[in-house]
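What follows is a short report on a single structure.
The values are calculated or read from the model by the stated rules, or taken from the named source; none is laboratory data. Owing to the predicted nature of the structure, the values given are computational and were not obtained by experimental measurement. Cβ placement follows ideal geometry from the backbone for every residue including glycine, while neighbour counts extend to all protein chains displayed. The protein model used for the area step is the full one, side chains on, heavy atoms only, and it has no ligands, DNA or RNA in it. Shrake-Rupley method; radii C 1.70, N 1.55, O 1.52, S 1.80 Å.
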Amino acid sequence: MSCDIISVRSESTCGVGVDCGYRCIPFSEMSFVEYRDVIQNGDTAIIFLGHDSMFAIKVQQGGSTQTKYGAIKHSADLIGKKYGSKVTCSKGGWVYILHPTPELWTVTLPHRTQILYSTDISMIIMMLELKPGSIVCESGTGSGSLSHAIIRTIAPTGQLYTVEFHKQRAEKAEEEFCDHKIDHLVTVKNQDVCKEGFGVVNIADAVFLDIPSPWEAVKYANSALKTEGGRICSFSPCIEQVQRTCLAMTEQGFMDIHTFEILLRVYDVRTVSLQLPDLGVGDTNNQDTLAGKNQSKEDSWSDLQPGTTQFKSGAPLREMAGHTGYLTFATKYLS
């Protein structure tokens, strides 16, 4: 029985008896860049209890996961089921099993560092003009939140070069990329980008910096970008960092330097009932006509108090997340 495969560049053999330098990946494997219908052993899956309550698990034959609704048996309840299925737990409650995406991974990943969330990530990917086939340099890798979003955007032919100063974090990120079947799209380097750069020259379409002193890495970002030009983004929580980074970008010949602060404003939408205004007695004929047209609406609102009506209302939450950081973008033009 044959199996559809895609070939990805690697140092190992492909298992067909010839050292062709390619690694073969079955289409049937779960991947963060390839959707699959059925849950299989070894998959990463998202247990969805609610919009504010979800977590990631690794599906294992014979394994189990405890939730507030009871236990989930991986062999009986997950393996072989379709992603999106509603699964009943041992205590009678139920959860949904979702296919992982970069957005879901961002809200469920194990935090090794502070991370970027979808509000900033979406802006970064748009302003860096990333697309399938783009080559991107990133520092630092951290918990891999942005890395997963970049990889999905540049797949299937792009490449991410991500640099992490901390050895253990770099090793853990590399392990996660392998588990998520996206390691063929990313190269992880454990080095100091401010002293050693990205390890590549004149190949990147875009560079992203999320480090304590990004101004020290701007010259290496310049050398990593293609000679015909590219885009750079720096994320910094403090305005003093932004000022020094903008000066370094100017010295390196970057242009179109702009800084943004992205704030997420969430609205609470709810159904409210309000009293109808008493406008006095009108034309009797018009009232009879309107009464006939509105009879069906009045039937559906029969549980309302006399003289009230329902409508949807939206208002911002009293408390919401504030400042996360500043995003500074600039462009390298062909000199």
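Within a straight-line Cα-Cα reach of under 26 Å, Lys86 can be paired with the following lysines, leaving aside sequence neighbours fewer than 8 residues apart in one chain: Lys58, Lys68, Lys73, Lys181.
At a probe radius of 1.4 angstrom, the accessible area of the stretch 56-194 per residue rounds to 44 square angstrom.
With R₀ set to 35 Å, the beta-carbon distance separating Lys82 from Thr157 gives a calculated FRET efficiency near 0.75.
Nonpolar atom fraction for the stretch 161-266, defined as the carbon and sulfur part of the 1.4 Å probe accessible area, stands at 51 percent. Most tightly packed first, judged by the mean number of other beta-carbon atoms within 10 Å of their residues, the peptides 101-110, 60-69, 146-155 read 146-155, 101-110, 60-69.
Around the Cα centre of the stretch 179-272, unit charges on the Cβ atoms of Lys, Arg, Asp and Glu (plus for the first two, minus for the last two) sum to a dipole of about 120 debye.
Heavy-atom surface analysis with a 1.4 Å probe gives the stretch 38-100 a carbon and sulfur content of 48 percent of its accessible area. The GluC sites (Glu not before Pro) of the stretch 218-282 meeting both criteria, a DSSP state outside H, G, I, E and B (loop) and at most 15 other C-beta atoms within 10 angstrom of the site's C-beta, are Glu228. Residues of the stretch 305-334 with an amide N closer than 13 Å to a point placed 7 Å from the Cα of Val272 along the Cα-to-Cβ direction: 309-317.
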